[in-house]
1. How high is the relative contact order of the chain? Use alpha-carbon pairs under 8 Å, at least six apart in sequence, and give a whole percent.
2. Let me know the charge dipole size of the chain about its Cα centre in debye, to the nearest 20, where only the beta-carbon of Lys, Arg (+1) and Asp, Glu (-1) is charged.
3. If you take the charge dipole of the chain about its Cα centre, with +1 on Lys and Arg Cβ and -1 on Asp and Glu Cβ, which of 118, 102, 14 is farthest toward its positive end?
4. Under a plain spin-label model, where a point goes 7 Å from the Cα along Cα-to-Cβ, how far apart in nm are residue 64 and residue 85?
5. If the chain between residue 23 and residue 45 were fully stretched, how many nm would it gain, using 0.36 nm times the residue separation less the Cα-Cα distance?
6. Pull up all non-local amide H partners of residue 115: gap of 5 or more, or a different chain, and H-to-H distance under 5 Å with H placed in the peptide plane.
7. Give the residues of segment 68-95 whose amide nitrogen is closer than 13 Å to a point set 7 Å from the Cα of residue 33 in the direction of its Cβ.
8. Only bridges whose two residues both fall in the chain count here: according to DSSP, what percent of them are antiparallel, nearest 5?
Amino acid sequence: MSGVDEAVAGELRLLDPAVRASWTEAARLLHPDFGEVGVSGRRWDRESMLAALPDMGGGGPGCEVSGMTGVQLAPDLVHLTYETVVEGRRARRSSLWRRSPGGDWRMYYHQATPVPEGMP
């Protein structure tokens, strides 16, 4: 499987409510140096994200994902972009995934930008 395929699979797993509810499963997918700027503008680190993830919306059947594409920027780095719609709110999303020395891919950085209503 290519790095892009691995990153896409990881991204989709992080949207799975069962993974979001499991600290262990989510921790396997977040890089130790993980950071995020959320749709609200809040900055998150790995520990704060793992603590909040079980109670966050954004995954499961109520989350529509579209247009996910990726590019391998380097042998151990993949950039993904896509859009989500959750409870009628659209966001454009961007993630960086890094491969660890052990070969597993982990999300290193994520950013979500809200899309105003009516914007194409």
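Please treat every number below as a calculation from the coordinates, not as lab data. Note that the structure is a prediction, hence the values are computed from the model and not measured. Virtual Cβ from ideal backbone geometry, glycine too; neighbours counted across all protein chains shown.
1. Working: 219 pairs, mean separation 33.8, N = 120.
Over the chain, the number comes to 28 percent.
2. Values: 13 positive and 16 negative charges, 38 e Å.
It comes to approximately 180 debye.
3. 118
4. A separation of 0.2 nm, rounded to one decimal place.
5. Values: separation 22, 0.36 × 22 = 7.92 nm, distance 1.43 nm.
Between residue 23 and residue 45, full extension yields 6.5 nm more.
6. Those lying under 5 Å, H to H, from residue 115 are 90, 91, 92.
7. Output list for this probe position: 77.
8. Within the chain, antiparallel bridges account for around 90 percent of the total.
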